[in-house]
Amino acid sequence: FERPMPFRLREAWLQFRWDERLGAFLEPQNRLQFLSVQTGVEQEEVINHRGPQLGSLPSLEVLEAPVHVASDLLSCKLQKVAIVIDDENAPLLAGFVDAMARTNKTIRNLNVVAIPEFLAVDCLRILGASTLATTLHHLGVLSLPLMDVRSFRH
């Protein structure tokens with residue numbers, strides 16, 4: 001990514017490390033509407049990175065990404081967000097929801113994907129206590145623990 005890319009993306013499915021280089025690549029993408037980022041979470045990746053600069057990605061509306069990536073993009077005018085929560089990034093959820101409620105006034109759809117069982121109820125509690133409880137139109141795909149079907153017998 002040493003020189004500017006001569007193209008403008010509308011959609012991007014990326015499987016790269018979320019780092020300064022990827023942020024720099026995305027910054028000039030002013031037509032990008034859909035972004036999917038698949039990246040493993042490493043502690044240094046969550047702490048030592050820089051996402052795209054504030055004001056970049058003005059057209060971004062739909063995001064599918066791990067919660068630490070989504071946190072970097074909350075200043076965008078996102079309408080639909082799907083975040084991935086796992087055991088490693090679970091502690092970031094409360095701060096993410098709080099920041100999303102304060103920062104992003106355009107979010108209407110939130111999907112929380114692959115949430116660990118221990119966090120599912122807390123996730124609902126955190127979302128219910130935020131201003132998102134009154135502004136979200138869709139809250140989806142909360143992966144709740146499977147129950148034993150024998151418990152449904154009469």
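For the range 56-94, a residue qualifies if it is more than 12 Å from the chain's Cα centre (by Cα) and more than 19 Å from F34 (Cα to Cα), and the qualifying residues are D86, D87, E88, A90, P91, A94. In the range 19-37, which residues are modelled with pLDDT of 90 or more and open to solvent by 60 Å² or more (accessible area, probe 1.4 Å)? Passing the criteria: N30, R31, Q33. The residue that is nearest to R108 (Cα to Cα), among those in the range 47-65 that are at pLDDT 90 or above and open to solvent by less than 30 Å² (accessible area, probe 1.4 Å), is L63. Taken over the range 64-82, the criterion of being in contact with a strand residue (DSSP E or B) (Cβ under 8 Å, 6 or more places away or on another chain) and either farther than 16 Å from R17 by Cα or hydroxyl-bearing (S, T, Y) (or both) is satisfied by C76, L78, Q79, K80, V81, A82. Out of everything in the range 74-92 that is among the charged types (D, E, K, R) and at pLDDT below 90, what residue ends up being most open to solvent (accessible area, probe 1.4 Å)? Once the filter is applied, the top-ranked residue is E88. Here's a check for you: in the range 95-120, which residue that is modelled with pLDDT under 80 and surrounded by fewer than 13 Cβ atoms within 10 Å (Cβ to Cβ) is nearest to the chain's Cα centre (by Cα)? My answer is A114.
All conditions in (1) in a loop (DSSP other than H, G, I, E, B); (2) at pLDDT below 95; (3) on the phi < 0 side of the Ramachandran plot; (4) surrounded by fewer than 21 Cβ atoms within 10 Å (Cβ to Cβ) hold for E44, with the sole exception of (1).
The values are calculated or read from the model by the stated rules, or taken from the named source; none is laboratory data. Keep in mind that what you see is a predicted model, and the values were worked out from it rather than measured. Virtual Cβ from ideal backbone geometry, glycine too; neighbours counted across all protein chains shown. These area figures cover heavy atoms from the full protein model, side chains too; ligands, DNA and RNA do not enter into them. Shrake-Rupley method; radii C 1.70, N 1.55, O 1.52, S 1.80 Å.
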